[in-house]
Amino acid sequence: MEVIYADSLFLLNAVIDYMLLLAAAKVSAAPLRRWRLALGAALGGAYSVAAALWPQYFALGAVKAAAAAVMVLAAFGAERFWRRFLTFLAAAALFAGAVYALSGLAGGRVVNVSMGALALAFAVCYAAVSLVFRHSGERAERCVEPLKLELAGRRVTLAALLDSGNGLRDAASGLRAAVGDAKALAELFPPEARELLGGDPAAVFERLCALPELRGRLRLLPYSAVGVAGGLLLCFTPDSAELGGKRVRLAVAVSPTPLSPAGEFSAVY
């Protein structure tokens, strides 16, 4: 009769679950909070002990799925749950298959697989999941949040791409500047001004400043980008702004051309 110690079983499964959660985090572009990954892994280790002690309850398929869901929630929270849950299951399935294949090649049983074989199986699993879900992870890395703006009693909501490389600042206010599509921002302006926004910023600025409602609220923001040595963008400071449900202070520059040809977002912050 083979004796399995609860502490060894817990530790081994917790380490494996931590690696699987780490793989799911990397592939699905989830934020890496190590303590949350450790919490999810500890729950997985505890489940493995419970399944060994009371298999008639904890070895059921529905209970296994529920345990995996709790681990993913503990590790990542509810945001993009299904993406991360399915990625975790895929990683677990590939890992189990790799361990089974390696144990078969070695002529041993799964329970006797060495730590070296487990490490090799995890490496194979991580590479396979990364390859299959690579493009999905790239899309998840593009974090888009709702940006709500108000100007002179008018309101719009834009899909804002959070871009850590955006260093644009408004020299007049010192605020970081978001850039929004002229078409998406049009509802913030009086009807007679909306059709002008897509034109030359300097000419648009001159014409809009003649409107009493906008006088003193607009300015031109110098910028540089790839292929543009010294351009100008129409800029304003909204009366209020919320990004992802949180109030922020920012300036807004108007882009005459769409920022995302595919329509994934209408602003960059």
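The values are calculated or read from the model by the stated rules, or taken from the named source; none is laboratory data. This structure is a prediction, so every number in the text was calculated from the model and none was measured. No Cβ is skipped: glycine too gets one built from the backbone with ideal geometry, and neighbour counts run over all protein chains shown. Heads up: the accessible areas ignore ligands, DNA and RNA and are worked out on the full protein's heavy atoms, side chains in. Shrake-Rupley method; radii C 1.70, N 1.55, O 1.52, S 1.80 Å.
Below are the figures for this structure:
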{"quantity": "5 angstrom amide H check on Val248, placed H, neighbours 5+ away", "calculated": "Ala241, Glu242, Leu243"}
{"quantity": "Of the GluC sites (Glu not before Pro) in the range 169-269, those whose Cβ has at most 14 other Cβ within 10 Å and which sit in DSSP loop", "calculated": "Glu195, Glu213, Glu264"}
{"quantity": "Computed FRET value (nearest 0.05) for Glu213 with Val15, which takes r as the C-beta separation and R₀ as 45 Å", "calculated": "0.10"}
{"quantity": "The range 162-208: relative contact order as a whole-number percent, Cα under 8 Å and 6+ apart", "calculated": "20"}
{"quantity": "Between the range 176-243 and the range 1-80, the alpha-carbon center distance in angstrom", "calculated": "51"}
{"quantity": "HN-Hα J in Hz across the range 61-77 - Karplus 6.51, -1.76, 1.60, θ = phi - 60°, x for Gly and Pro", "calculated": "x, 5, 5, 4, 5, 5, 5, 4, 5, 5, 4, 5, 4, 5, 7, 10, x"}
{"quantity": "Long-range HN-HN contacts of Glu150 with modeled amide H, under 5 Å", "calculated": "Asp239, Ser240"}
{"quantity": "Average accessible surface area per residue within the range 183-269, 1.4 Å rolling probe, Å²", "calculated": "54"}
{"quantity": "Quotient of Cα Rg and 2.2 N^0.38 Å for the range 37-96, N being how many residues it contains", "calculated": "1.10"}
{"quantity": "Rounded, prolate or oblate (a/c below 1.5 giving rounded, otherwise prolate when a/b exceeds b/c) for the range 152-205 by Cα gyration tensor", "calculated": "prolate"}
{"quantity": "Debye, to nearest 20: dipole size of the range 17-101, +1 on Lys, Arg Cβ, -1 on Asp, Glu Cβ", "calculated": "260"}
{"quantity": "Stretch gain in nm, segment Arg154-Trp35, where the contour uses 0.36 nm per residue and the Cα spacing is subtracted", "calculated": "38.5 nm"}
{"quantity": "Test item: Cα-centred dipole of the range 166-222, Lys/Arg +1 and Asp/Glu -1 on Cβ, debye", "calculated": "240"}
